[in-house]
Structures are given as structure tokens and as C-alpha cells.
1. Figure the gain on full extension for PHE79 and ALA47 (residue separation times 0.36 nm, minus the Cα-Cα span) and round it to one decimal in nm.
2. What accessible surface, in Å², does a 1.4 Å probe find on LEU113, ignoring ligands, DNA and RNA and rounding to the nearest 10?
3. Using the Kirkwood formula over every pair of different C-alpha atoms, what hydrodynamic radius in Å results for segment 18-115?
4. With the crude spin-label approximation of a point 7 Å out along Cα→Cβ, what separation in nm comes out for HIS70 versus ARG123?
5. Sum up the charges of everything whose Cβ sits under 14 Å from the Cβ of ALA58, counting Lys and Arg as +1 and Asp and Glu as -1, but leave ALA58 out.
6. I'd like the orientation of helix 70-79 relative to the chain: the angle between its Cα long axis and the longest Cα principal axis, in ° from 0 to 90, rounded to 10.
7. Of all DSSP beta bridges located in the chain, what percent are antiparallel, nearest 5?
8. ARG29 label point, 7 Å along Cα→Cβ, cut-off 13 Å on backbone N: hits in segment 65-89?
Amino acid sequence: MPATPHCLVFVYGTLKRGGSNHAQLEGARFIGDARLRPGYTMYSLGAYPGLVAEPASADRVTGEIWAVSHAMLTRLDAFEGVDEGLYQRAAAPLSEFPSDLSPTDAARVEMYLYLRPVTGRERLGESWPVRR
Ligand code: PCA
């Protein structure tokens with residue numbers, strides 16, 4: 001019997017527990033805390049952060065891994081403005097992930113990369129604070 005199909009998403013901003021958009025993950029399953037490999041910088045876009053690939057960045061951004069249905073992933077794509085080119089869903093290279101996640105599953109985790117210019121935006125460091 002195959003396992004229930006699900007998608008794995010690394011969230012680093014308002015989708016996290018306690019975040020303003022966490023309700024979007026209603027019904028999803030929390031897998032655990034995780035950290036990206038270096039090479040990404042998180043910028044403040046006001047009420048939410050945007051993660052950008054910057055190979056020279058030493059930051060190891062923290063976030064949460066959630067298992068979501070295909071239907072929920074489609075809704076998240078719409079919510080994050082994937083069609084408008086605001087964010088793009090991309091592989092999330094992890095340096096730390098829960099031990100009950102197999103390396104195979106860890107290798108298929110995805111996240112939302114910000115696609116618009118970040119000129120002049122404030123760098124946020126490795127963690128987006130959900131409660132301020
Ligand atoms: N929501 C997505 C991307 C940035 C944001 O605020 C997330 O939490 O991962």
C-alpha cells in the first residue's frame with residue numbers, strides 16, 4: 001500500500017506557526033524544524049520576508065517543514081503569487097532536518113523563493129520572527 005501522497009514544504013516566513021498566514025496550512029502536518037544550507041539571504045519586504053538565492057551568503061535560514069496535499073500546494077502557489085512571478089517554488093537544500101525525515105524525502109522539500117528585486121531591502125538574518 002503506497003503512502004498517502006503528500007508534498008513537503010519548507011516555510012520561513014508568515015506561513016510558520018504563529019505567523020500571520022499560518023492558517024493557509026490548516027490541515028497540514030508539521031514535520032519539524034529545519035535549516036537551509038548557506039547560499040540564501042532573507043530580506044524584509046515589510047509584513048513578510050523574501051528569500052533570495054545569493055551564493056555568497058553564509059546565512060543558514062531557519063524554517064519549518066510541513067507535509068501538505070497536492071491540493072494545498074496548488075492553493076499555496078496561488079497565495080504566494082507564483083502565477084504573478086512574485087515567488088517561485090524551488091528545491092530547498094537543507095543542512096538540518098528532523099531525523100525522522102529520510103534523506104530521500106529531505107531532498108524533495110520545496111520552498112518559495114522571492115523573484116522581485118530586493119535593492120535597498122533590509123537583510124533579516126537567519127530567522128524571521130513570527131511574533132514581534
Ligand atoms: N510566506 C512564505 C514565503 C514568505 C512568506 O511570508 C513562507 O512563510 O515560507
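The values are calculated or read from the model by the stated rules, or taken from the named source; none is laboratory data. Since the structure is predicted, the reported quantities are computational estimates derived from the model, not experimental observations. Cβ sites come from the backbone with ideal geometry, for glycine too, and all protein chains shown count toward neighbours. To get the accessible areas, we keep the full protein, side chains included, count just its heavy atoms, and leave off ligands, DNA and RNA. Shrake-Rupley method; radii C 1.70, N 1.55, O 1.52, S 1.80 Å.
1. Working: separation 32, 0.36 × 32 = 11.52 nm, distance 1.48 nm.
That pair, PHE79 and ALA47, stretches by 10.0 nm at full extension.
2. Result for LEU113: roughly 20 Å² accessible.
3. This gives a value of 14.2 Å.
4. Distance between the two pseudo-spin positions: 4.1 nm.
5. Counting the neighbours of ALA58, the net charge comes to +1.
6. Taking Cα atoms only, the helix is inclined about 20 degrees.
7. On the way: 24 of 26 bridges.
Bridges in the chain are about 90 percent antiparallel.
8. 66-70
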